[in-house]
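**Q** For reference, the structure I am asking about is given below.
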Amino acid sequence: MQKLFARASRLIPGGVNSPVRSFAGAGAAKPLFIRAAKGATLTDTDGRQYIDLIHGWGAIAAGHSHPQVVAALEKTAHNGLCFGLCSEIEIEHASALCDIAGVDMVRATCSGSEAAMSALRVARGYTGRELVAKFAGCYHGHADGMLVAAGSGSLTFGRPSSAGVTAGAARDTLVLPYNDPQAVRDAGAAFGERLAAVIFEPIAGNMNLVKPSRAFVAELRALCDRHGAVLIADEVMSGMRASRGLACREVYGIEPDLICMGKIIGGGLPAAAVGGRKEIMGKFAPLGPVYQAGTLAGSPPALAAGLAQMRLLREPGAWDRMAAAARGVSAAFRSAAAEHSVPFCAAHAGGMAGLYCASKVPENLAQVHGCDTDMFRALHAALIERGVLLPPSPFEACFVGLAHDAQIVAKISNAARGAFASLAGS
Ligand SMILES: *Cc1c(COP(=O)(O)O)cnc(C)c1O
């Protein structure tokens, strides 16, 4: 793997095509290179095997290389990979999504980043306003206007959180603290009439796992209703994972105006979507004035894989099994830490779990930052030694799928006990 990393580093910045893969967040000097994945197991290029709690950062839910997903992909691929024209599978996928997400219309994109970017653009086109609000710790892809951190005061405009993002793009984004209804009310009072959209993760999964309060989510809906802004639920991660459909509706009882979905709906291939009410979706070209496009959008093989994975998750009892696995993983870590009196806690939401090196489950980004990074790194390394792979960062949630059965969860539990024993002993 050392050789592969050296070669990758000469050809690809940092040797990786997405920064979190570098394993820097876990304090490791180099990434893992994966040769194969099957069910709940990853095999690296040195032949070592790991129970996978990354699962494609949530894109995999049926288990790696599920035969039905692979078969659907193969069958579609034999009939052509890209037409650049309409095909029937686009209708099938859109129909499944509209049904699952309870929206009128969807437009397919290739990534969650594009889905969020398109949702924000159509919200601006629909309202004729420019300002959008997001929340610290929520991730909506890497479009300029979303790579913004909170300004110096609670009600100042954002500043770029990445080099290369213009101050102009950052000025159109207001960054508020997550889970703070008063901050939402204050923002409404100050900027309500200028707000095009409020975008949020109904279950935050990009600052580890953070669940909002009902009051917070209700306040977002009220703010948008009061000021005529568009409420965008970014369910790229939480959709079909934190709940059977939309977490926003099923967990919090709130109707969003627009939604973003991705990850699970592509079955491990690049597919995502923006969806919502006809009135807003009708603003997209060619019906309306908001431009949005994609050569590979609605890729038949990606949609076929996505449809197959969505069908597997919707089989009776399937989603519940995924959720039970995440609950089992979270409980296993909690009790293993308690056995060794290590300050640690865990949470779960549907098929995702949060593991925190802290004594209290965090409720916002500042509290996630308060978790013990050194302890996380030690835990990550101790688990790798025991054949369990956590996401390589304390800011990422864990993901399971249908292949994480009771036997796999028991293996994770054993590894966790061994890991905490070694941590407590050192
Ligand atoms: C992963 C993610 C995105 C970005 O999706 P990509 O396919 O990586 O571009 C956007 N929003 C949320 C909530 C995500 O979890």
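**Q** Quick one: pull the percentage of alpha-carbon pairs in the range 1-119 with a separation above 19 Å.
**A** 65
**Q** Further, regarding this structure: Per Stokes-Einstein, at 10 °C and 1.306 mPa s, what whole-number D in µm² s⁻¹ belongs to the range 100-190, with the Kirkwood radius over Cα pairs as the hydrodynamic radius?
**A** D = 113 µm²/s.
**Q** Please compute the alpha carbon radius of gyration of the range 219-337, then divide it by the globular-protein estimate 2.2 N^0.38 Å. Two decimals is fine.
**A** My calculation over the Cα atoms of the range 219-337 gives 1.27.
**Q** In addition: Based on DSSP, what percent of beta bridges with both residues in the chain are antiparallel, to the nearest 5?
**A** Once the DSSP bridges in the chain are tallied, antiparallel ones form about 60 percent.
**Q** Additional query: Given points 7 Å out from each Cα along the Cα-Cβ axis, report the Arg35 to Gln49 separation in nanometres with one decimal.
**A** Placing both labels 7 Å beyond Cα along the Cβ direction yields 1.3 nm.
**Q** Taking 2.2 N^0.38 Å as the expected size of a compact globular protein, what ratio does the Cα radius of gyration of the range 276-376 give against it, to two decimals?
**A** 1.65
**Q** In what sequence, highest mean first, do 264-271, 156-163 appear when ranked by Cβ atoms within 10 angstrom?
**A** Answer by packing, highest mean first, reads 264-271, 156-163.
**Q** Determine the dipole magnitude for the chain: charges of +1 sit on the beta-carbon of Lys and Arg, -1 on that of Asp and Glu, nothing else is charged, the reference point is the Cα centre, and the result goes in debye to the nearest 20.
**A** 620
**Q** Multiply the residue separation of Leu81 and Thr166 by 0.36 nm, subtract the distance between their alpha-carbon atoms, and state the gained length in nm to one decimal.
**A** The span from Leu81 to Thr166 would gain 26.9 nm if fully extended.
**Q** Using only the heavy atoms of the protein chains and a 1.4 Å probe, how would Ile91, Ile259 rank by accessible area, largest first?
**A** Largest accessible area first, the residues go Ile91, Ile259.
**Q** Rounded to the nearest 10 Å², what accessible area does Phe420 show when all protein chains are kept and the probe is 1.4 Å?
**A** 0
**Q** OK, next. Would you work out what percent of the accessible area of the chain, with all protein chains in place, is carbon or sulfur (probe 1.4 Å)?
**A** 55
**Q** A follow-up question, please. If you count, for each residue, the other Cβ atoms within 10 Å and average over each peptide, how do 27-40, 172-185 line up from highest to lowest?
**A** So the order, starting with the most tightly packed, is 172-185, 27-40.
**Q** Just how much of Val342 is accessible, in Å², when a 1.4 Å probe is used and the result is rounded to the nearest 10?
**A** So the heavy atoms of Val342 present about 20 Å² to solvent.
**Q** Please list His369, His227, His55 from largest to smallest accessible area, probe radius 1.4 Å, with all protein chains kept in place.
**A** His369, His227, His55
**Q** Whose amide H sits under 5 Å from the amide H of Val148, counting only residues 5 or more places off or on another chain, with H placed in the peptide plane?
**A** Under 5 Å from the amide H of Val148 lie the amide H atoms of Ser161, each far enough along the sequence or on another chain.
**Q** Once the dipole of the chain is set up with Lys and Arg at +1 and Asp and Glu at -1 on Cβ about the Cα centre, which of Cys371, Gln68, Leu209 lies farthest towards its positive end?
**A** Cys371
**Q** How much of the DSSP beta bridge set in the range 211-327 is antiparallel, as a percent to the nearest 5?
**A** 45
**Q** Return the calculated 222 nm mean residue ellipticity for the chain, to the nearest 500 deg cm²/dmol, obtained by summing -39500 (n - 2.57) across DSSP H runs with n ≥ 4 and dividing by the residue count.
**A** Result for the chain, helices only: -12000 deg cm²/dmol.
**Q** Select from Gly128, Ala304, Phe33 the residue farthest towards the positive end of the dipole of the chain; place +1 on Cβ of Lys and Arg, -1 on Cβ of Asp and Glu, and compute about the Cα centre.
**A** Towards the positive end, the residue furthest out is Phe33.
**Q** Leaving out ligands and nucleic acids, note down the accessible area per residue over the chain with a 1.4 angstrom probe, in whole Å².
**A** 42
**Q** Another question, then. If you average 1/r over all unlike Cα pairs in the chain and invert the result, what Kirkwood radius do you get in angstrom?
**A** It works out to 22.0 Å.
**Q** Using only Cα atoms, what Kirkwood radius does the range 137-269 have, in angstroms?
**A** Taking the inverse mean of 1/r over all distinct Cα pairs, the range 137-269 comes out at 15.2 Å.
**Q** Treating the Cα atoms of the range 1-67 as identical point scatterers in vacuum, please give the log10 of the normalised Debye intensity I(q)/I(0) at q = 0.17, 0.23 Å⁻¹, two decimals.
**A** -0.66, -1.08
**Q** Heavy-atom accessible area of Arg221 with all protein chains present, probe 1.4 Å, nearest 10 Å²?
**A** Its accessible surface works out to 40 Å², give or take rounding.
**Q** What's the magnitude of the charge dipole for the range 161-317 around its Cα centre, counting Lys and Arg as +1 and Asp and Glu as -1 at the beta-carbon? Answer in Debye, nearest 20.
**A** The dipole of the range 161-317 has a size of about 300 debye.
**Q** Taking only C-alpha pairs under 8 Å that are 6+ residues apart, what is the relative contact order of the range 23-122 in percent?
**A** The value is 13 percent.
**Q** Could you order Met310, Met375, Met117 so the one with the most accessible surface comes first? Probe is 1.4 Å.
**A** Result of the area sort, largest leading: Met117, Met375, Met310.
**Q** If you build the convex hull over the alpha carbons only and average its shadow over all orientations, what do you get for the range 59-104? Give it in nm² to one decimal.
**A** The Cα convex hull of the range 59-104, projected and averaged over all directions, gives 4.3 nm².
**Q** Could you pull the Cα extents of the range 326-426 along its three principal axes, largest to smallest, in whole Å?
**A** Per principal axis, max minus min of the Cα coordinates gives 35, 32, 22 Å.
The values are calculated or read from the model by the stated rules, or taken from the named source; none is laboratory data. The model shown is predicted, which means the values in this text are computed figures rather than measured ones. Glycine gets a Cβ as well: all are built from the backbone with ideal geometry, and neighbour counts include every protein chain shown. We work out accessible area using only protein heavy atoms, side chains counted, and drop any ligands, DNA or RNA first. Shrake-Rupley method; radii C 1.70, N 1.55, O 1.52, S 1.80 Å.
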